[in-house]
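Read the structure below first, then the notes.
The values are calculated or read from the model by the stated rules, or taken from the named source; none is laboratory data. Just so you know, these numbers come straight off a predicted model, no measurement behind them. Note: ideal-geometry Cβ built from the backbone for every residue, glycine included; neighbour counts use all protein chains shown.
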């Protein structure tokens, strides 16, 4: 079992955390092994309650061990937006090979972004892209865009 207390996984398991609340498996780095994308929408950091994070846990010939895990938030370099209290970044996750190169790109939501309007980030090889309810002509207020990705 991989938790935030597993050696190599950033952060520490705390009461109320939700590491692994949303999990996807796919080959992110192209090495032929399944990597784990774990959402943690209730993660607190920098004094921000429920700002949220997600982690990519690399797989390997013996399965995932935690070594080499990288965690991301809206405060991470290259991630559009600003980490805010209650955003719940990592509120849903998926891994999608959107360009057919054999590597799965993380797709992550923050359903409470901008007063529950919601937003989705696609972490592609050529940069991170984000979009929200307004991008699709939806009414933004309380739409919770990105609340439930299809299986």
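Considering the conditions (1) surrounded by fewer than 16 Cβ atoms within 10 Å (Cβ to Cβ); (2) at negative phi, residue 47 is excluded by exactly one of them, (2).
Looking across 30, 11, one residue alone is over 14 Å from the mean Cα position of the chain (by Cα), part of a loop (DSSP other than H, G, I, E, B) and closer than 23 Å to residue 99 by Cβ. It is 30. Comparison of 62, 35, 92, 97 shows that the only residue that is touching a residue at least 60 places away in the same chain (Cβ under 8 Å) and surrounded by fewer than 18 Cβ atoms within 10 Å (Cβ to Cβ) is 97.
Return the residue satisfying two criteria in turn: it lies in segment 95-151 and is in a loop (DSSP other than H, G, I, E, B), under 18 Å from residue 79 (Cα atoms) and within 17 Å of the chain's Cα centre (by Cα), and of such residues it is modelled with the highest pLDDT. Filtering first and then ranking leaves 104. When each of 78, 91, 63 is tested for being in contact with a strand residue (DSSP E or B) (Cβ under 7 Å, 6 or more places away or on another chain), modelled with pLDDT under 95 and assigned to a loop (DSSP other than H, G, I, E, B), the lone residue that passes is 78.
Taking first residues from segment 106-119 that are within 16 Å of residue 149 (Cα to Cα) and partners that are modelled with pLDDT of 85 or more and assigned to a helix (DSSP H, G or I), the Cβ contacts under 9 Å between residues at least 6 apart in sequence or on separate chains come to 119/113.
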